[in-house]
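Please treat every number below as a calculation from the coordinates, not as lab data. For clarity, every value in this text was computed on a predicted model and none was experimentally measured. Cβ coordinates were reconstructed from backbone atoms using ideal geometry, including for glycine residues, and neighbour counts include every protein chain displayed.
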Ligand code: MN
């Protein structure tokens, strides 16, 4: 999917043409500029060329924040002048997953989403679990099944209940989760938690993320150890990784946390919420047009921010590696049309919603989902790359 990036964005992506190997590039306008070529021909001088010539972001991620900033400064200076060439139209290249995902964690940091799901999954209990307001709750996901924008998603099979009987078969409740993903770099050593004040040294950039979820499989398996096969079959991310530096002007404080006050390691005076406008679009099977089905602001939707999530992720001394990824958790607002998942939009599958003249509760084979995100600034919009996927029938 082609995106028109302003020069304030300069997101990274990995592309290939015809049978050539994947190369690292940077997006500007509707074009992508070849950083591999710029480095090997001596036109980029701020960083070691070997960081830009491996066809993935991992080496740059490992190099750390001073290197990230040096490269971005040079790109901001040289891309607009054409010094790095005109690049190629996005329409003429294939985009790839921009980095090799190391570990993947998914949080659950939208209070509205957690309360909505708590009511649906545990109707007779308090919607929030007792730990939820004390820490960013999360689970470890499956890094090897993170896929890039446009990759089809095969309907998963598993054990689930049908009319009170446990069966094995394709999920009947295939869902999406609207999330932002954070790509990490600047590795740490075991035993040394990332202090919340040092979060910027490790948060390289953001992607749009869809945490595909099979709700019936999830409901049967998730107690007591959390999500497993209901989510591990696929997680989609955008092809473009937007550096956090591009979002400086939309960093805000977010919701005040007073009841309870978080532990010291989760407290920071730095505004760490990103104000992003997020949208969910669906193109129903057999149709040409996609329709917007939900929209929410990430600030309105999220209780815990990325710095708190990173501090919590490492507070036990767990080290991080370049290429680690974490998701915010589904981002939902208080209103029904601000829901970041179909289980919320359809009230647990009981109230179908209309899209393109069709009724939906969960996803049909052939449906396409596209998640969009952008920062609205006084100098214009800064888009994140979108993330899309079409559902293919299960194979079993
Ligand atoms: Mn999720």
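From its DSSP helices (H runs of at least four residues, each -39,500 (n - 2.57)), the chain gives a residue-normalised ellipticity at 222 nm of -4000 deg cm²/dmol. Values of log10 I(q)/I(0) for the range 115-179 across q = 0.15 Å⁻¹ run -0.82, by the Debye formula with one identical scatterer at each alpha carbon and no solvent.
Along each principal axis, taking the top coordinate minus the bottom one, the Cα set of the range 188-343 gives 51, 38, 35 Å in descending order. Note on the range 310-396: Cα-only Rg and Dmax are 17.7, 52 Å. Extension gain for residue 43-residue 395 works out to 121.8 nm (0.36 nm per residue, less the C-alpha to C-alpha distance). Dividing the Cα radius of gyration by the Kirkwood radius, what Rg/Rh value follows for the range 12-96? That ratio is 0.93, to two decimals. Against the chain, whose longest principal axis is taken from its Cα atoms, helix 111-121 shows a tilt of about 30°. Note on the range 104-392: semi-axes of the ellipsoid equivalent to its C-alpha gyration tensor, largest first and rounded to whole Å, are 29, 22, 18.
As a test, work out the antiparallel percent of DSSP beta bridges whose residues both lie in the chain, rounded to the nearest 5. Just about 90 percent of them are antiparallel. Among 273, 202, 134, the residue with the largest mean-square fluctuation in a Gaussian network model of the chain, with springs joining Cα atoms closer than 10 Å, is 134.
May I ask you to sort 36, 269, 48 by Cβ crowding, counting other Cβ atoms within 10 Å and putting the fewest first?
269, 48, 36
If you line up the long axis of helix 65-78 against the longest principal axis of the chain, both from Cα atoms, how many degrees apart are they, to the nearest 10? It is inclined by approximately 60 degrees.
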